[in-house]
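Novice: I have a structure here, written as structure tokens, and I will follow up with some questions on it.
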Amino acid sequence: MTTDLSTAPPSTGQPWAAPEQAVGPARAAGIPPSLVRAPCHLEILIPAHNEVRRLPRTLLRVISYLEARPYSSAIVVIDNNSVDRTVDLISHLPSPNVPVHLLGCAQAGKGAAVRRGILTSSARFVGFMDADLATPIETLDMVLPMLEAGCRAVVGSRRVRGATVAEPEPRQRILGGLLFKALARRIVPGVADTQCGFKIFDGDLAREAASQLRVEGFAFDVELLRTISEMGVGVSEVPVVWSHQTGSTLRGLRDGTRGAADVLRLAHRRGYL
Amino acid sequence: MTALEQLAGRRILFLNWRDQANPHAGGAEAYTEQIARRFAGAGAQVTLVTSAFAESRPYDWAHEYLVVREGGRLGVYLAAARHLRRYARQYDGIVDCQNGIPFFAPFWAPSASAVVCVVHHVHQRQFGMYFRWPLSQVGRMLEGRVTRAVYRDAPFVAVSPSTRAEMRHQLGLRLPIHVVPNGVEPLPPSQVPRATRPRIAVVTRLVPHKRLHLLVQAVPALLERWPDLRVDIAGTGPARARLMAAVRDRGLEHNVFLPGRVSEQGKSDLLSRAWLTVAPSLAEGWGLTVLEANTCGTPTVAFDVPGLRDSVLDGRTGWLVPSGSSLVTTLTNALDLLSDPARRQLVAGRAKSWACRFTWDSSAERLARVLVQEMTRRDRGTPSRRQAIDLATVASWPPEDAPAVQASLGSGLRMTDAFSAGEDGPRVLLTGCDEVGAAAALQRAGAPAAKLTLATSTQVLCGTGEDELA
């Protein structure tokens, strides 16, 4: 568990052999092995759909945080079919020590984007966070030692002791979330908050789980956690300091309906309905 | 075989509300004219249906294609509808150019022929400036909601990535949108050498939304540093009187000149002598003045706004003023850099090679590809993709793979994918797919494994996988 990857090859587009345990799930999902990135200690995935306004600040914060850490790390922005200039943004970022990769995902939905990001990763730990930085990156201070100590799935939570919600969600979202939460709690018992967009996993575990995922929308969190617990792995929750950010690209009715349908389908598949 | 060659013998209808002979013709008319002429030159039978103007002839063969003029500013939409009802079946392809309101060709000519809708600029915000409620609201609905309903499976063409983004955000279009930019006609060559003292030149129509008063306002601050700065703002238009007053009020008569209308040669001389041109507009569909200056080797300072952020490569062919920053700061930095003659020469070279990328020949070919692809799709009866993908992927190979790539890609690619063979190896720009989609397409074509990267908006604009200017 303590392989030192701090001397991992820098990813400069030069050919290198991806480890088989990373390429296997990618190939199974139809992803060419050349898209699998070089290994590192920690990889942070940031799915982005038209986030050119909010992403620069987030990236600069995450880069400056990761540059000050002793371990090797990388950031992967997954462009989820943006029409704005997300691609251009990444190519102009000043980041000498922490590589910022860019990956496309034409399939719409956060689930599809995160899945693509996990399946192309060969990092020891891989996780994802929101482009709006609703959960501060400093949460990693708490999460990484837990992973290194043997926890294989650590997720941020707004509903455990110690969490603070700096700015609450708008009311309509709270209402819309009630049904969702009730169902999610039945599907993944023991996890108080499935939807906080900050989750870090053991790389091999995430790759294995991701290759089984089907949900493309935001309800994929529920499916991912359910799959992980079915694999016999416990999910640890850590309290986060969460602040609701405006400018979300989530659209109330359409995405909400899709999320509800996804979670109903999940519940049905597991025999809860 | 190029797409233009495939248009030979085909009957193509262009719809545009004005034609190039119209005294009010602008950039959109140049686009239609240049492309229609090249379609006709390639052997297509081209007809342009457009509006009449004072003393215009109802039919015109002055160009290499037939121009049919009927109806006025709004009547042309009815005339075009009548024309489509009557003759749509005689056309193989229709290029429907919208100027705020499209001609709704798929509605008047259902199932008859392939329709491609060209959008220069999104007008949602302008309807309020030119029409009062409820007409402004009707305009917005026609451009947005009604367009979405009528053009259910027709491909769209945007003139720049910025316009494409506005079509997605403001019009809510979900259909595939291809990018086919404007070309730029080279100005007559100028023998005038670049000035040794700082000079700024702008040649444009002087209308309020070009915001040239911002340039005049910046001059006093610039004079502190460059007392011998000279600014020429050429062209005529409704904003000229106010600009002259602004110059007088600030006592800038010895530094800022407004020579009025200049000839093409005069334009070329002014721009060739200048260190810089400035485009302070709030938004453009496409910065034509920027590219014209670039043909003379003159870089641009512009705001980081839609359209201009496509035509100016920040730090290479000009400088963009970041939002929230002042024009003076960017102008000062730019003039500082350009005060080094070697630097001026370097930037001039880049600006020229950037402008060279935009020719009407390549625009006509790119529009022809979209049209031919749509005609083929309709002939085969395959449904169009329901969800459009705005990502594009560049596949590149080492030079030694070139023969294998060329052999495999002969027929395996879609019409709109662009192949180029540079010194650093062959490249293909595959539009409308991410890396995984591109890998699958290339594998089907039998191409060797490629390095895959997402295309930048500059690559999408130029329609090639080549790198941006170094």
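The values are calculated or read from the model by the stated rules, or taken from the named source; none is laboratory data. Since this is a predicted model, take the numbers as computed values, not measurements. Cβ atoms come from the backbone with ideal geometry, glycine included; neighbour counts cover every protein chain shown.
Novice: Being under 24 Å from B:Ser162 (Cβ atoms), touching an Asp or Glu at 6+ places or on another chain (Cβ under 7 Å) and within 13 Å of chain A (Cβ to nearest Cβ) is true for just one of B:Thr453, B:Thr458. Which residue is that?
Specialist: On the way: B:Thr453 fails: touching an Asp or Glu at 6+ places or on another chain (Cβ under 7 Å).
That would be B:Thr458, the only listed residue that is under 24 Å from B:Ser162 (Cβ atoms), touching an Asp or Glu at 6+ places or on another chain (Cβ under 7 Å) and within 13 Å of chain A (Cβ to nearest Cβ).
Novice: Name the one entry in B:Val370, B:Val328 that is β-branched (Val, Ile, Thr), touching a His at 6+ places or on another chain (Cβ under 7 Å) and in contact (Cβ under 8 Å) with a residue 40 or more places away in the chain. Working first, answer last.
Specialist: Details: B:Val328 fails: touching a His at 6+ places or on another chain (Cβ under 7 Å).
Answer to the check: B:Val370.
Novice: Could you please find all residues in region A:72-98 being in contact with a Cys (Cβ under 8 Å, 6 or more places away or on another chain) and part of a loop (DSSP other than H, G, I, E, B)? Please lay out each step first, then the result.
Specialist: Initial filter on region A:72-98 (in contact with a Cys (Cβ under 8 Å, 6 or more places away or on another chain)): A:72-74, A:78-81.
Across region A:72-98, the qualifying residues are A:Ser72, A:Asn80, A:Asn81.
Novice: Further question on the same structure: Where residues in region A:104-121 are surrounded by fewer than 24 Cβ atoms within 10 Å (Cβ to Cβ) and at negative phi, which of them is farthest from the other protein chains (Cβ to nearest Cβ)?
Specialist: So the first thing to find is which residues in region A:104-121 are surrounded by fewer than 24 Cβ atoms within 10 Å (Cβ to Cβ), and the list is A:106-109, A:112.
Then keep just the ones that are at negative phi; that gives A:106-108, A:112.
Numbers: A:Ala106: 4, A:Gln107: 8, A:Ala108: 7, A:Ala112: 10 Å.
It comes out as A:Ala112.
Novice: Next up: Could you run through region B:433-470 and say how many residues are surrounded by fewer than 19 Cβ atoms within 10 Å (Cβ to Cβ), among the aliphatic types (A, V, I, L, M) and in contact with a Phe, Trp or Tyr (Cβ under 9 Å, 6 or more places away or on another chain)?
Specialist: Within region B:433-470, residues that are surrounded by fewer than 19 Cβ atoms within 10 Å (Cβ to Cβ), among the aliphatic types (A, V, I, L, M) and in contact with a Phe, Trp or Tyr (Cβ under 9 Å, 6 or more places away or on another chain) number 2.
Novice: Still on this structure, I have one more. Yes or no: region B:283-301 includes at least one residue that is more than 19 Å from B:Glu185 (Cβ to Cβ) and either within 13 Å of chain A (Cβ to nearest Cβ) or acidic (Asp, Glu) (or both).
Specialist: Filtering region B:283-301 for residues more than 19 Å from B:Glu185 (Cβ to Cβ) gives B:283, B:299, B:301.
Pick out the ones that are also either within 13 Å of chain A (Cβ to nearest Cβ) or acidic (Asp, Glu) (or both) and you get none.
Looking for residues that are more than 19 Å from B:Glu185 (Cβ to Cβ) and either within 13 Å of chain A (Cβ to nearest Cβ) or acidic (Asp, Glu) (or both), one finds none in region B:283-301, hence no.
Novice: Quick one: how many residues across region B:71-104 are touching a Cys at 6+ places or on another chain (Cβ under 8 Å) and either farther than 26 Å from B:Gly9 by Cα or among the polar types (S, T, N, Q) (or both)?
Specialist: Looking only at that region, the number is 2.
Novice: Can I ask one more? Please find, among B:Leu429, B:Leu371, the residue that is at negative phi and in contact with a Ser or Thr (Cβ under 7 Å, 6 or more places away or on another chain).
Specialist: Values: B:Leu371 fails: in contact with a Ser or Thr (Cβ under 7 Å, 6 or more places away or on another chain).
Exactly one of B:Leu429, B:Leu371 is at negative phi and in contact with a Ser or Thr (Cβ under 7 Å, 6 or more places away or on another chain), namely B:Leu429.
Novice: Could you please give the count of residues in region B:292-316 that are closer than 12 Å to B:Thr204 by Cβ and part of a helix (DSSP H, G or I)?
Specialist: Total satisfying the criteria: 2.
Novice: Shifting gears a bit: Before we move on, is A:Leu60 of a type outside the set (Phe, Trp, Tyr), away from chain B (no Cβ under 14 Å) and surrounded by 23 or more Cβ atoms within 10 Å (Cβ to Cβ)?
Specialist: Values: of a type outside the set (Phe, Trp, Tyr): yes; away from chain B (no Cβ under 14 Å): yes; surrounded by 23 or more Cβ atoms within 10 Å (Cβ to Cβ): no.
Taking the combined requirement at face value, the residue does not satisfy it.
Novice: Name every residue in region B:433-449 that is in contact (Cβ under 8 Å) with a residue 12 or more places away in the chain, at the interface with chain A (Cβ under 8 Å from one of its Cβ atoms) and either assigned to a loop (DSSP other than H, G, I, E, B) or under 22 Å from the mean Cα position of the chain (by Cα) (or both), in order of residue number.
Specialist: B:Cys433, B:Asp434, listed by residue number.
Novice: Can you give me the number of residues within region B:409-426 that are away from every other protein chain (no Cβ under 14 Å) and farther than 26 Å from B:Gln387 by Cα?
Specialist: Total satisfying the criteria: 6.
Novice: Checking A:Arg53 against (1) assigned to a strand (DSSP E or B); (2) surrounded by fewer than 17 Cβ atoms within 10 Å (Cβ to Cβ), which single condition isn't satisfied?
Specialist: It is condition (1) that A:Arg53 fails.
To keep it simple, each residue is scored yes or no on (1) surrounded by 15 or more Cβ atoms within 10 Å (Cβ to Cβ); (2) in contact with a Ser or Thr (Cβ under 8 Å, 6 or more places away or on another chain); (3) part of a helix (DSSP H, G or I).
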site: A:Cys151; (1), (2), (3): yes, yes, no
site: A:Leu183; (1), (2), (3): yes, no, yes
site: A:Thr194; (1), (2), (3): yes, no, no
site: A:Glu208; (1), (2), (3): yes, no, yes
site: A:Glu223; (1), (2), (3): yes, no, yes
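Novice: What strands (runs of 3 or more DSSP E), lying completely within region B:69-169, carry at least 2 residues that are surrounded by 19 or more Cβ atoms within 10 Å (Cβ to Cβ) and within 14 Å of chain A (Cβ to nearest Cβ)? Walk me through it before giving the result.
Specialist: Details: elements: B:93-98, B:114-119, B:156-158.
Strands (runs of 3 or more DSSP E) meeting the threshold: B:156-158.
Novice: Residue under question is B:Thr376, and the condition is that it be under 30 Å from B:Val116 (Cβ atoms), outside the structural domain of B:Gln459 (by TED's automatic domain parsing) and more than 26 Å from the chain's Cα centre (by Cα); does it hold? Show your work before the answer.
Specialist: On the way: under 30 Å from B:Val116 (Cβ atoms): yes; outside the structural domain of B:Gln459 (by TED's automatic domain parsing): yes; more than 26 Å from the chain's Cα centre (by Cα): no.
Answer is no for this residue.
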